[in-house]
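The values are calculated or read from the model by the stated rules, or taken from the named source; none is laboratory data. Note that the structure is predicted; figures quoted are calculated from it, not measured. Heads up, the Cβs are rebuilt from the backbone with ideal geometry, glycines too, and the neighbour counts pull from every protein chain shown. To get the accessible areas, we keep the full protein, side chains included, count just its heavy atoms, and leave off ligands, DNA and RNA. Shrake-Rupley method; radii C 1.70, N 1.55, O 1.52, S 1.80 Å.
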Amino acid sequence: MVAPDQPALSDEGGGSSSVVPERLRRAVIAFDTREAPGTVIIDTGNTALYYVLGQGRAIRYGVGVGREGFTWSGVQTISRKAEWPDWHPPTEMIARQPYLPRFMAGGPGNPLGARAMYLGSSVYRIHGTNDPSTIGKFVSSGCIRLTNEDVADLFSRVDVGTRVVVLPKGASHFEARGLEAKRMLTVRPSAASARPIATTSGRQAMNLSTSALY
């Protein structure tokens, strides 16, 4: 049951599974890395996020990443977590797009979606989206977006202080290792992702879902 004061998780279009490419749907996969269990690795070039489980496995999630000129790489830590976060567009974004609202309350129509994980003191976040059709694409101003279902699952697994490694767009060696060719396992949904899913209307999405605002 969803708490009365919290909106249900929602993805535009009646669910994300039919929109997200099969190669980017959430799954436990064989994964070879020296990073410690609990680390988040973002493979920018292949629009995938991996949560390291250890013992040669990770959970793979599909993501949307920065558009041309807005991708980045480096190591950050999760400095804050928020459910149904309010959106305060950064000053840099307002300078580029002065028509943006200065504030939008959290909820199904908010571009940040159901959950947000803030990365250090940077302007970047890992967050949900009300437009799952953007997963697998280079669309944002540098933030990493997942479907609302997936971001709630990841949110339940990470803590403040979690290490986040963002690989540059050209780091295609992940695919060369043949990770996707190895046997996949079914991922068990967490308690957070097991909540009922509700469909938002186009009016609630406010047309912000299809933009490259965040």
Q. Filtering the range 142-173 down to residues that are at pLDDT 95 or above and hydroxyl-bearing (Ser, Thr, Tyr), which residue is least open to solvent (accessible area, probe 1.4 Å)?
A. Thr147
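Across the range 19-32, which residue is most open to solvent (accessible area, probe 1.4 Å) among those that are in contact with a Gly (Cβ under 9 Å, 6 or more places away or on another chain) and of a type outside the set (Val, Ile, Thr)? Talk me through it step by step, then tell me what you get.
Step one: list which residues in the range 19-32 are in contact with a Gly (Cβ under 9 Å, 6 or more places away or on another chain), which gives 19-21, 23-26, 30-32.
Adding the requirement that they be of a type outside the set (Val, Ile, Thr) leaves 21, 23-26, 30-32.
Numbers: Pro21: 53, Arg23: 122, Leu24: 2, Arg25: 95, Arg26: 56, Ala30: 23, Phe31: 7, Asp32: 93 Å².
Among those that are in contact with a Gly (Cβ under 9 Å, 6 or more places away or on another chain) and of a type outside the set (Val, Ile, Thr), it is Arg23.
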Q. Across the range 114-141, what is the total count of residues that are modelled with pLDDT of 95 or more, farther than 22 Å from Val158 by Cβ and among the hydrophobic types (A, V, I, L, M, F, W, C)?
A. 1
Q.
I'm trying to understand the selection: among the residues of the range 33-49, which are under 15 Å from Ala171 (Cβ atoms) and open to solvent by 10 Å² or more (accessible area, probe 1.4 Å)?
A. Thr33, Arg34, Glu35, Gly45, Asn46
Q) Which of the residues spanning the range 132-149 are within 24 Å of Thr91 (Cβ to Cβ) and in contact with a helix residue (DSSP H, G or I) (Cβ under 9 Å, 6 or more places away or on another chain)? A) Phe138, Ser140, Ser141, Ile144, Arg145
Q: Given the conditions (1) more than 20 Å from Arg25 (Cα to Cα); (2) touching a Leu at 6+ places or on another chain (Cβ under 9 Å), report the number of the one that Asn148 does not fulfil.
A: (1)
Q. Do we find a residue being open to solvent by less than 10 Å² (accessible area, probe 1.4 Å), in a loop (DSSP other than H, G, I, E, B) and modelled with pLDDT of 90 or more anywhere in the range 64-82?
A. no
